[in-house]
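A short reminder: the numbers here are calculations on the coordinates, not readings from a lab. Just so we're clear, the structure is a prediction, and the values are computed from it rather than from any experiment. All Cβ positions, glycine included, derive from the backbone under ideal geometry; neighbour counts span all protein chains shown.
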Amino acid sequence: MPSVFRFAPSPNGYLHLGHAYSALLNFDSARQGGGRFLLRIEDIDTARCRAEFEAAIFEDLAWLGIAWETPVRRQSEHLGEYREAVEKLAAQ
């Protein structure tokens, strides 16, 4: 089974060098090991996350030569699943 690597920035600001390093490290590790590289957007902080920052993330990663599997997973689209998991655990 191939290894899975991911980069999960929050679109509440522009990427910085630490983000770039982390994304490149994970992307290169996935590529060298025949694994998968996933991009997950941590967009659950609705007060600070903005569409222009998410667009900038995609643009910056592409500029770095990083490609990711699609579709991109957005945490905000899965809150119901997380709620169900918490309820299931609480019922045990």
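A few remarks follow.
- Of Tyr82, Gly18, Gln92, farthest towards positive along the dipole that unit charges on Lys, Arg, Asp, Glu beta carbons give the chain: Gln92
- Trypsin sites (Lys or Arg not before Pro) restricted to segment 49-91 and DSSP loop, no more than 16 other C-beta within 10 Å: Arg50
- Relative intensity of the chain on a log10 scale, I(q)/I(0) at q = 0.14, 0.16, 0.19, 0.22 Å⁻¹, equals -0.57, -0.71, -0.91, -1.07, per a Debye sum over C-alpha point scatterers of equal strength in the absence of solvent.
- Between the C-alpha center of segment 6-66 and that of segment 73-89 there is a gap of 22 Å.
- Per DSSP, loop chymotrypsin sites (Phe, Trp or Tyr not before Pro) in segment 1-35 with at most 14 further Cβ within 10 Å: Tyr14
- Helix-only arithmetic for the chain: the sum of -39500 (n - 2.57) across DSSP H runs with n ≥ 4, divided by the residue total, places the mean residue ellipticity at 222 nm at -14500 deg cm²/dmol.
- Each Lys and Arg adds +1 at its Cβ and each Asp and Glu adds -1 at its Cβ; summed about the Cα centre, the chain shows a dipole of about 240 debye.
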